[in-house]
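**Q** This is the structure I have questions about; it appears just below.
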Amino acid sequence: MAEEMQINPQRAKHLAENLASISSRIKAVSPAGKQVRLIAVSKLKPAADILALHQPASAPPHLHFGENYVQELIEKSRLLPRSIRWHFIGGLQSNKCKQLAEQIPNLWCVSSVDSDKKATLLDKGRGALLEATQQQAQDQQQDEAADKLRVMVQVNTSGEADKSGVEPGDALALCRHVVDACPHLQLLGLMTIGAIARSQATTAENENEDFVCLRDTRDRVAKEMGWGEERLELSMGMSADFEGAIGLGSDEVRVGSEIFGERPAKRDAVV
Ligand SMILES: *Cc1c(COP(=O)(O)O)cnc(C)c1O
């Protein structure tokens, strides 16, 4: 468990410096008064790295961490403190949805919902978790119950065949399904990854078309649903392009390699 985990002090210091540097770069490009959420993407990195940032020696704890693989996330969530807010940001498989939503009480958001079916399965999983925790809460005469599970609809803004996500024109229907038919889910916003080439060409001056597309899609979906735009967040921006994404209105950036360094191959990763 977390108490026994070995944290190398030098590694911890290095990670804390990287995180502080990303945080200040985020702050430098954020509109005044806006808090852009930073998800530290820890996939394929050891649990001790996460603990080092979540329980640092001399800084506030970092709360939001992102993972791409269901099994790895379940394993890490069991080893690490419940105070972590986990984000599942990877490609979502239908046969893993229920497990994902049911087995991780501190799963804060699933960012990669791309079909009605997967939304419904996540809803069922979260419903089962809520039922179990309500039973427990009653048994212990507490009325603490886990929250709704936040979800984001992933949009394939680049039209690449190998990217997951709904077509921009199909985002509204999926958002409606989440809101109308999934009582245990809360629609938080829209997410995109985007094309690598566009992300590499992103600078403060050079607008990334994927990010413009996600923003336009959000504006349209919000309008159709009769919501204010601010009710639907934008999750866009990674290590290579988060500053440009914030310039285009991102509410949440997902940064991995700039914090944790290059990732090992999946087969070589150790939790
Ligand atoms: C891996 C990953 C990231 C982080 O990528 P970096 O380039 O390492 O910052 C962000 N979002 C998603 C969906 C990812 O899979």
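What follows draws every value from the coordinates through simple rules; no lab data is involved. Here the structure is a predicted model, which means the values were calculated and not measured. A quick note on method: Cβ atoms are made from the backbone with ideal geometry, for glycine too, and the neighbour counts reach across all protein chains shown.
**Q** Mind checking which lysines have their Cα closer than 18 Å to the Cα of Lys45? Skip sequence neighbours fewer than 8 apart in that chain.
**A** Lys45 reaches Lys13, Lys76, Lys266.
**Q** Give me the net charge of Ala48's neighbourhood, meaning all other residues with Cβ under 11 Å from the Cβ of Ala48; Lys, Arg count +1, Asp, Glu -1.
**A** Spelling it out: positives minus negatives among the neighbours equals +1.
**Q** Give me the percent relative contact order of segment 6-263, please, defined on Cα pairs under 8 angstrom at least 6 residues apart.
**A** Rounded, it is 19 percent for segment 6-263.
**Q** Any idea what diffusion coefficient segment 1-155 gets from Stokes-Einstein, in µm²/s, Kirkwood Rh on alpha carbon pairs, 20 °C, 1.002 mPa s?
**A** 127
**Q** Once Lys and Arg get +1 and Asp and Glu get -1 on their Cβ, which of Ala47, Pro9, Ala128 lies farthest toward the positive end of the dipole of segment 6-263?
**A** Pro9
**Q** Over all directions, what mean area does the Cα convex hull of segment 34-86 project, stated in square nanometres?
**A** That works out to 3.9 nm², a quarter of the Cα hull's surface.
**Q** With the Cα gyration tensor of the chain in hand, give its eigenvalues times 5 under a square root as the equivalent ellipsoid semi-axes, listed largest first in whole angstrom.
**A** Over the Cα atoms of the chain, the semi-axes work out to 27, 26, 17 Å.
**Q** Then there is this: So which residue, out of Lys27, Lys45, Lys98, gets the largest mean-square fluctuation from a GNM of the chain using Cα contacts under 10 Å as springs?
**A** Lys27
**Q** Something else about it: If I build a Gaussian network model for the chain, linking alpha-carbon pairs within less than 10 angstrom, which residue out of Gly249, Gly169, Gly194 has the largest mean-square fluctuation?
**A** Its mean-square fluctuation being the largest, the pick is Gly169.
**Q** Please report the net charge: other residues with Cβ closer than 12 Å to the Cβ of Leu38, K and R +1, D and E -1.
**A** Charge balance near Leu38 sits at +2.
**Q** Report the gain in length on full extension from Val271 to Ala161: 0.36 nm times residue separation, minus Cα-Cα distance, nm rounded to one decimal.
**A** Here the answer is 36.5 nm.
**Q** Also, quick follow-up: With the cut-off at 1.5 for a/c, could you classify segment 129-271 from its C-alpha gyration tensor as rounded, prolate or oblate?
**A** Taking the square roots of the gyration eigenvalues as a ≥ b ≥ c, segment 129-271 is oblate.
**Q** Extension gain Glu4-Gln136, at 0.36 nm per residue separation less the Cα-Cα distance, in nm?
**A** 44.7 nm
**Q** Continuing with the same structure: Give the aspartates and glutamates whose C-alpha is closer than 19 Å to that of Lys223, dropping any in the same chain fewer than 8 places away, or say none.
**A** Qualifying aspartates and glutamates at Cα under 19 Å: Glu167, Asp170, Asp180, Glu233, Asp251.
**Q** A follow-up question, please. Placing unit charges on C-beta atoms (Lys and Arg positive, Asp and Glu negative, everything else neutral), compute the dipole magnitude of the chain about its Cα centre in debye, rounded to 20.
**A** It works out to roughly 400 debye.
**Q** Which of Gly91, Ala59, Val113 sits closest to the plus end of the dipole of the chain, meaning its Cα is farthest towards the positive end, when Lys and Arg get +1 and Asp and Glu get -1 on the C-beta?
**A** Ala59
**Q** Can you compute the modelled spin-label distance between Lys27 and Arg11, with each label point 7 Å from Cα toward Cβ, in nm?
**A** 2.8
**Q** Further, regarding this structure: If you average the alpha carbon positions of segment 51-89 and of segment 178-198, how far apart do those two centres end up, in angstrom?
**A** So the two Cα centres are separated by 21 Å.
**Q** Once phi is turned into ³J(HN,Hα) by the Karplus curve 6.51 cos²θ - 1.76 cosθ + 1.60 with θ = phi - 60°, what whole-Hz value does each residue of segment 248-256 show in order, with x for glycine and proline?
**A** Once θ is set to phi - 60°, the couplings for segment 248-256 become 9, x, 4, 9, 8, 10, 10, 10, x Hz.
**Q** Over segment 1-128, calculate the relative contact order: mean separation of alpha carbon pairs under 8 Å at least 6 apart, over the residue count, as a percent.
**A** In percent, rounded to a whole number, it is 20.
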